[in-house]
1. Any idea what the dipole of region 122-175 comes to, in debye rounded to 20, about its Cα centre with Lys/Arg Cβ at +1 and Asp/Glu Cβ at -1?
2. Which value, in debye to the nearest 20, describes the size of the charge dipole of the chain about its Cα centre when Lys and Arg Cβ atoms bear +1, Asp and Glu Cβ atoms bear -1, and nothing else is charged?
3. At what distance in angstrom do the alpha carbon centres of region 107-134 and region 267-298 lie from each other?
4. With +1 on each Lys and Arg Cβ and -1 on each Asp and Glu Cβ, how big is the dipole of region 7-99 about its Cα centre, in debye rounded to the nearest 20?
5. Accessible area of region 107-178 with a 1.4 Å probe: how many percent of it is carbon plus sulfur?
6. Given N residues in the chain, what is its alpha carbon radius of gyration divided by 2.2 N^0.38 Å?
7. Want the number for residue 16 to residue 70: 0.36 nm per residue separation, take away the alpha-carbon distance, what's left?
8. Comparing 29, 119, 162, which has the greatest mean-square fluctuation in the GNM of the chain with Cα pairs linked when under 10 Å apart?
Amino acid sequence: MATYDLTPRIAPNLDRHLVFPLLEFLQERQLYPDEQILKSKIELLNKTNMVDYAMDIHKNLYHTEDVPQDMVERRAEVVARLKALEESAAPLVGFLQNPNAVQELRADKHYNLQMLSDRYQIGPDQIEALYQYAKFQFECGNYSGAADYLYQYRLLCTNNDRSLSALWGKLAAEILMQNWDIALEELNRLKEIIDSKSFSSPLNQVQSRIWLMHWSLFIFFNHDNGRTQIIDLFNQDKYLNAIQTSAPHLLRYLATAFIVNKRRRPQFKDFIKVIQQEQYSYNDPITEFLACVYVNYDFDGAQKKMRECEEVILNDPFLGKRVEEGNFSTVPLREEFLENARLFIFETYCRIHQRIDMGVLAEKLNLNYEEAERWIVNLIRSSKLDAKIDSKSGTVIMEPNHPNVYEQLIDHTKVLSGRTYKLVSQLLEHAQSQPAR
């Protein structure tokens, strides 16, 4: 299943610290030789300040208690640099740790800077030192300390680029600490900045959207409402365009979210068109499953893809398992996926057949006869499908389902309203981007 592993495509769009959880997962699933994973970890760690961790992995990889001299020297450099940064940031850190002093801060950053300078002799150098100290703490793996200092830094920073960099760092730290609610708040702050008209350039804007979507995978597949919110984000025109042009592999996660989320079905038809358009630039068992059911009506193929989908989900770092309190625990997404995938096959098959042999349907649903019968009975009861089971002939009989004219009119009106809104928005955005004459 390493064939379907997206880590090589995803990793370049992540902060290197965010790659460690993916490598841990791959090591636990044994998709690659242990030696290969350990070497990848050391390669990543060499570009951070987590020298002790790198030493431990080196000992494990080479079965020795000795470590290279360059690692020893690197550790001494890190300790010395950390001490120097701590001293530089000490005046501002001391102020921030004083509750009475912090109460003097206001929403006005320029007032705060003047007040800090006048009363505490804290100036731009100390504020810059706080940023460097927070960044160094992050590189050392102290994500909690880094998150706190980056938050405080953003309250004082007047440089938009530096403030944006600090927000990325804060988001990464919250993800690594698995603070999903806070991470989602930071993600939304970043999105608002990236989508603003004052963002640096269109090219940077597209690249930042791609980074944001990759980072968001950690949140959306761990947050309680994440599987709905990933659709809200990825399915927006600007983000979907970025996926199609630069990161089509993200279609796996949007497809999965659509399959396990019943509340986004109106958008689902348009997404199937995207799957059809992109099937030559990217496909995996999950996107191929949707193509089999909704594009090709290949139900035998869909059944085969379901089995492959199960393996893909179990071996995907975001879909298969999540980190919870330091331990890996299975997510029920696999069960949801398979249940809804069967429902997709059933609904589509029923739309093009009036009488269905139960044995044939059981085969296409990848169930035995008794399981299929119970599943369909429950489905008819819960979903109010206009169908009945003829036990004597062993068939499911679908009653004609004539569409409600008024419901069709309402649906078409909603679609037209949405398209009109998009068109007006695009025209206004184009008009605002034109230079004044």
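The values are calculated or read from the model by the stated rules, or taken from the named source; none is laboratory data. Everything numeric in this text was worked out from a predicted model, so none of it was measured. Heads up, the Cβs are rebuilt from the backbone with ideal geometry, glycines too, and the neighbour counts pull from every protein chain shown. For accessibility, only protein heavy atoms count, side chains too; no ligands or nucleic acids. Shrake-Rupley method; radii C 1.70, N 1.55, O 1.52, S 1.80 Å.
1. On the way: 4 positive and 6 negative charges, 19 e Å.
It comes to approximately 80 debye.
2. Numbers: 50 positive and 60 negative charges, 307 e Å.
Using Cβ point charges on Lys, Arg, Asp and Glu, the chain gives about 1480 debye.
3. Cα centres, region 107-134 to region 267-298: 53 Å.
4. Values: 11 positive and 15 negative charges, 67 e Å.
I would put it at about 320 debye.
5. Working: 1490 of 3310 Å².
Reported share for carbon and sulfur atoms: 45 percent.
6. On the way: Rg = 26.8 Å, N = 437, 2.2 N^0.38 = 22.2 Å.
Scaled against compact globular proteins, the figure is 1.21.
7. On the way: separation 54, 0.36 × 54 = 19.44 nm, distance 2.11 nm.
Taking residue 16 through residue 70 to full extension adds about 17.3 nm, to one decimal.
8. Its mean-square fluctuation being the largest, the pick is 119.
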